[in-house]
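See structure below.
The values are calculated or read from the model by the stated rules, or taken from the named source; none is laboratory data. The model shown is predicted, which means the values in this text are computed figures rather than measured ones. With ideal geometry, Cβ positions are generated from the backbone for all residues, glycine too; neighbour counts draw on all protein chains shown. SASA here: full protein model, heavy atoms, side chains in, ligands and nucleic acids out. Shrake-Rupley method; radii C 1.70, N 1.55, O 1.52, S 1.80 Å.
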Amino acid sequence: MALFGKLGVSISEWLSDTPNLAELTRGSSINLAVTGLSRAGKTVFITSLVHNILSALHQPHRMPLLAVVRDGRLIGARLAPKSGPLKRFPYEDNIAYMAADPANWPARTADISEIEIDIRFVPAGAMGYMLGRLGSGPATLKLRIIDYPGEWLLDLPLLGQSYVEWSRATLKLCRQGIRAETARDFLAFLSDHRAGDPARDEDAGRAHELYREHLLTARDKHALSFLQPGRFLEAGASGDPSYIRFAPMDFPESVTETRPGTLAALMKSRFEAYKAEAVTPFYTEHFRNFSRQVVLVDVLGALLAGREVFEDTRRAIDAILESFRYGHSGIIRRLLRSARIEKALFAATKADHVPEVQRDHLAALLCSMVASSSLDLASSNARTDVVALASVISTEDATQEINGHQVQVVVGKPVGSSKRAQFFVGNVPARPPRAESWGQPFLNIPVFEPPVIDASPTDGIAHINLDLALEYLIGDQLR
Ligand SMILES: Nc1nc2c(ncn2[C@@H]2O[C@H](COP(=O)(O)OP(=O)(O)O)[C@@H](O)[C@H]2O)c(=O)[nH]1
Ligand SMILES: [Mg+2]
C-alpha cells in the first residue's frame, strides 16, 4: 500500500479509469489453461481463483503467497470484456450457485471456455519504482484463463497409433478387471461382428454406442480415468459428427491393415478423421497457445476408490504427460512447432477432504505419480511442479477418538443433509501403496456443502494453496 502514497495516485482513480495505451503496451498478456479429468475440480478452481483475484485488494490476507499481493503492489483487478474466440466461462453463474442458500456447487460443463482478468500492479524493484516516478507507473497483465477437458489430452497418444494398433491395445485393456464387466455388451457385439464383415454404417454406429456406454459406466460408476477416445466422454462444441461413430475392433495377431470394404475399414476411416478433425486442431489452434497450464487431479478420490482405479489414474496421468514432453515424442513437437508450454503444475485437488497433517503426503503422492512416468525429464520439457490444494475449503479439522486413539478427521455438512458429518480417510501414503497394503475401496466420499460466500468480489473464498499455485504459474509476469 505504501507505494500508492509515493506514486500519488488513489486506488479509486486506478480502478475507475481504463488502462491507457502506454500502460497496456508495457503490460503483458498470458494464457493460463486449467485442465484435468472430469470432476477433478476445474470449474470450482477457476471460479474460486477469479473470485479471489478480484477480491485480493480487499482481502490481501487470503493470498499471502502471491508476491504481488504480499508486497502490496496490486492496484486492482477486474473482469475484462470478452475478446477471445471461445465461449465465456460462466463465472457469475457459478458464484450465484455458491452464494445461494443452501449453497451448492457450480453446474457441470463439458466444453472449452475462457475468461479474462486485467490485473493492474506496480512492477517490483527499483526499476518499477522509477517508472512509477516518471509518471508512467503501473503495468497491466491480461490474464486469460481457459478451461478445457483433460480427456482431450488422452487423445494425443492416438496420433502415434494406427487403428489396428489402437484397437489391439484398447481391447486388451477392455478384457481386464472392472472393464471386463463394464464392456461386456460391447465385447459380445464384437464377437458377432468381425473386422472382415461388410462395412455397414448401422453396425459401426451400434458398436460406437455400446463402446461409449462402457466408457461412461467405467467413469461414472467405477471412477476409472484412462478412457479413450476422450471426446467420446467430453464431446465439446463439435457435438456428434458422423466420424465419431467408431469403436475398436478385434484383429487376429497377423493382421496389420484393414481390408477395403470391410467394417474395420469403415471404422478405421472414422478413426483417422477423428484424429485429423478433432485431435490435431485442438493442439494446433488452442493447446500451443497455453504457455502455462495447471493439471488438476483428484488423487484422493483415486486413492480411496482402490487399487485398480488408482493404477488407472496413473496410466491416465502418464498419457496426459505426453502432451508436456517435447523431447520424448516427435508428435507433440510437430504439433506445437516453435511454441512451448513453459510451466505445468500438477495439483491434487480437494485437499480439504483430509486434515492438515495429511496434505503434504497428498502432494508427495502426486509427485511420485508424476515423476515415475517422466523418468526422461529433459530440459526441453515443460517445467513441472506439484502441489496439493483446495479451491474452496468446505470442512474443518477436528479430532475424534477411534478405538482409543485420537485421530484427525474433517467435519463438514454433506449436500442435502441437515447435520454435519465427520469424515476419516485413514492415512494418506506419501508413495503409491504396495499391492498388499490396499484397503477396502471407498467410493462414497461425501460431497460437502460449500461454505457461505459473498457473491460480490470483496470477501473472497477460503482456500488452500491457490495463491501458491498462482505464484508458481504466473508470478513472474507480475514482477
Ligand atoms: N470439498 C471440496 N470439493 C471440491 C473442491 N473442488 C471441487 N470439489 C467437488 O468436486 C466436484 C467437481 O468439481 P468441478 O469443478 O465441477 O469439476 P470439473 O468437472 O473438473 O469442472 C464439485 O461439484 C465439488 O463437489 C474443493 O476445493 N473442495
Ligand atoms: Mg467443469
* Calculated Rg and Dmax of the chain using C-alpha coordinates, Å -> 24.3, 80
* To do: Would you calculate, for the chain, the mean residue ellipticity at 222 nm contributed by helices, counting each DSSP H stretch of 4 or more residues as -39,500 (n - 2.57) and dividing by all residues, to the nearest 500?
  => -10000 deg cm²/dmol
* Structure fact -> Mean separation of Cα contacts under 8 Å (at least 6 apart) over the residue count of the chain, i.e. the relative contact order in percent, is 20
* How about segment 433-474: which chymotrypsin sites (Phe, Trp or Tyr not before Pro) there lie in a loop by DSSP and see at most 15 other Cβ atoms within 10 Å? -> TRP438, PHE442
* To do: Give the distance, in whole Å, between the Cα centre of segment 411-479 and the Cα centre of segment 235-300.
  => 33
* When only C-alpha pairs under 8 Å and at least 6 residues apart count, what is the relative contact order of segment 161-285, in percent? -> 39
* Net +/- balance of residues flanking SER38 in space, Cβ distance below 15 Å, scoring K and R +1, D and E -1 -> 0
* Find out how many positive minus negative residues lie around ILE244, taking Lys and Arg as positive, Asp and Glu as negative, among other residues whose Cβ is under 13 Å from that of ILE244. => -2
* Asked: Can you give the accessible area of LYS87, probe radius 1.4 Å, in Å² rounded to 10?
  -> 120
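Restricting to DSSP loop positions (anything but H, G, I, E, B) with no more than 11 other Cβ atoms inside 10 Å of their own Cβ, which chymotrypsin sites (Phe, Trp or Tyr not before Pro) remain in segment 156-242?
none
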* **Between 0 and 90°, nearest 10: helix 307-321 axis offset from the chain longest Cα axis** => 70
* How high is the relative contact order of segment 339-479, given as a whole-number percent (alpha carbon pairs under 8 Å, six or more residues apart)? -> 30
* Asked: For the Cα atoms of the chain, what angle does the longest principal axis make with the long axis of helix 356-372, in degrees from 0 to 90, nearest 10?
  -> 50
* **Chain lengthening between ARG259 and ASP476 when straightened (0.36 nm per residue, less Cα-Cα)** => 72.6 nm
* Asked: Tell me, how many Å apart are the Cα centres for segment 65-86 and for segment 344-369?
  -> 26
* Structure fact -> Taking Cα atoms, the helix 163-174 axis meets the longest principal axis of the chain at an angle in degrees (rounded to 10) of 90
* Net charge of Cβ neighbours under 13 Å - reference GLU449; Lys, Arg +1; Asp, Glu -1 -> 0
* Measure of size requested: the Rg and Dmax of segment 161-285, with Cα atoms as the atom set and Å as the unit; please supply both. => 13.9, 40
* In the full protein assembly as shown, how much of VAL447 is accessible to a 1.4 Å probe, in Å² to the nearest 10? -> 90
